[in-house]
1. Identify all residues within the range 128-153 that are at pLDDT 95 or above and in contact with an Asp or Glu (Cβ under 7 Å, 6 or more places away or on another chain); write none if there are none.
2. From 240, 200, grab the single residue that is farther than 20 Å from residue 154 by Cβ, β-branched (Val, Ile, Thr), surrounded by 20 or more Cβ atoms within 10 Å (Cβ to Cβ) and in contact (Cβ under 8 Å) with a residue 12 or more places away in the chain.
3. On the given criteria, is residue 115 away from ligand 1 (no atom under 16 Å from the Cβ), surrounded by 13 or more Cβ atoms within 10 Å (Cβ to Cβ) and either at negative phi or not in a strand (DSSP E or B) (or both)?
4. Just checking, how many residues over the range 35-67 are within 16 Å of ligand 2 (Cβ to nearest atom), surrounded by fewer than 24 Cβ atoms within 10 Å (Cβ to Cβ), assigned to a strand (DSSP E or B) and of a type in the set (A, V, I, L, M, F, W, C)?
5. Could you count how many residues in the range 191-238 are closer than 15 Å to residue 173 by Cβ and not in a helix (DSSP H, G or I)?
6. Out of everything in the range 203-218 that is closer than 24 Å to residue 246 by Cα and in contact (Cβ under 8 Å) with a residue 60 or more places away in the chain, what residue ends up being surrounded by the fewest Cβ atoms within 10 Å (Cβ to Cβ)?
7. Just a yes or no: is a residue in the range 168-178 within 13 Å of ligand 2 (Cβ to nearest atom), part of a loop (DSSP other than H, G, I, E, B) and either out of contact with any His (no Cβ under 6 Å at 6 or more places or on another chain) or of a type in the set (Lys, Arg) (or both)?
8. Could you tell me which numbered condition residue 30 fails, if it satisfies all but one of (1) buried (at least 22 other Cβ atoms within 10 Å of the Cβ); (2) over 15 Å from the mean Cα position of the chain (by Cα); (3) under 25 Å from residue 150 (Cα atoms)?
Amino acid sequence: MQRSTLDRPNPLPREVAPGVFWLGECLEQRQQGKIYHGCNAAFLIVGGAASMLVETGHPKDFPIIEAQLKRLLAGKPPLKYLFVTHQETPHSGGLGRVLSRYPEAVLCGDVSDYHLAFPEYEHRMRAMQEGDEIDLGGRGFRAVEPVVRDMRTTWWGFETRERVLFPGDGFAYSHYHEDGHCGLVAEEADSLDLQDTTAVFADLALWWTKWADMRNYCARLDALIEALGVKTVAPTHGLVITDVARTMPKVKEGLLYGSRVAERGTNDASFGKKAVPASDETVG
Ligand SMILES: [Zn+2]
Ligand SMILES: [Zn+2]
């Protein structure tokens, strides 16, 4: 167990499929009067010839993720690829540090923007589009349709041997710290309320889902999962799903519920500041 900023030992890293490791630690926020945890996960795939990091984790987690990588990669094929689903900070905020620590690593995904921040690494960026595949030795990594996305540039990833889907902001839900769900897979977290926690994420990040008919997106999700034969889902902001048939119906209920209910506001207004009177001119 590693040092953690939370009041319990960090349960990560955890091997969620053979050679696929869940890295990072929880990010604490106040929501609905409880301690609400957002995962900002990174995942390591160890191939026969090369290893790949999927997402970089939140910048505050980088020292933790770096230590986890160092330990897991000892004696293993080197980190040659970094895939990020899109440009937002919890997904790509560590990429400069990953590229500087791992000089063999190439950044993959939609790479149309990153050279603006890191011109010195432009020659180590490789554009991927749907269907493009990278061989890691005995297992591949493919860019696939990003059914639920929050940026135009989003891609999802798929590991071909263990059939692991990396959906970035898809499957975005979290857990209450009080329930002891940190580091559990969704099927182990008995009291996980996917409707409630998915609705919180619709408020925090995926507003567009409130103006879309999410039944269409649920149908696309079903089609993608069936076409790829997905066995494990490794979301950036949710607990890992290891029984897709059992948990997908709840995820879909959560997406539909989150799109139906009114916004509940962002983080708890009583946390760290006073309520602002309605007549205050700064409102709006
Ligand atoms: Zn995100
Ligand atoms: Zn947690």
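1. Residues satisfying the conditions are 130, 139, 140, 141, 142, 143, 144, 145.
2. Values: 240 fails: farther than 20 Å from residue 154 by Cβ.
Of 240, 200, the one residue that is farther than 20 Å from residue 154 by Cβ, β-branched (Val, Ile, Thr), surrounded by 20 or more Cβ atoms within 10 Å (Cβ to Cβ) and in contact (Cβ under 8 Å) with a residue 12 or more places away in the chain is 200.
3. On the way: away from ligand 1 (no atom under 16 Å from the Cβ): yes; surrounded by 13 or more Cβ atoms within 10 Å (Cβ to Cβ): yes; either at negative phi or not in a strand (DSSP E or B) (or both): yes.
It is true that residue 115 is away from ligand 1 (no atom under 16 Å from the Cβ), surrounded by 13 or more Cβ atoms within 10 Å (Cβ to Cβ) and either at negative phi or not in a strand (DSSP E or B) (or both).
4. 1
5. Total satisfying the criteria: 11.
6. 217
7. Here is the first cut: in the range 168-178, the ones within 13 Å of ligand 2 (Cβ to nearest atom) are 173-178.
If we keep only those that are part of a loop (DSSP other than H, G, I, E, B) as well, we get 173-174.
Then keep just the ones that are either out of contact with any His (no Cβ under 6 Å at 6 or more places or on another chain) or of a type in the set (Lys, Arg) (or both); that gives 173.
Yes: the range 168-178 contains one or more residues that are within 13 Å of ligand 2 (Cβ to nearest atom), part of a loop (DSSP other than H, G, I, E, B) and either out of contact with any His (no Cβ under 6 Å at 6 or more places or on another chain) or of a type in the set (Lys, Arg) (or both).
8. (1)
The values are calculated or read from the model by the stated rules, or taken from the named source; none is laboratory data. Nothing here was measured: the structure is a model prediction, and the numbers come from that model. Cβ coordinates were reconstructed from backbone atoms using ideal geometry, including for glycine residues, and neighbour counts include every protein chain displayed.
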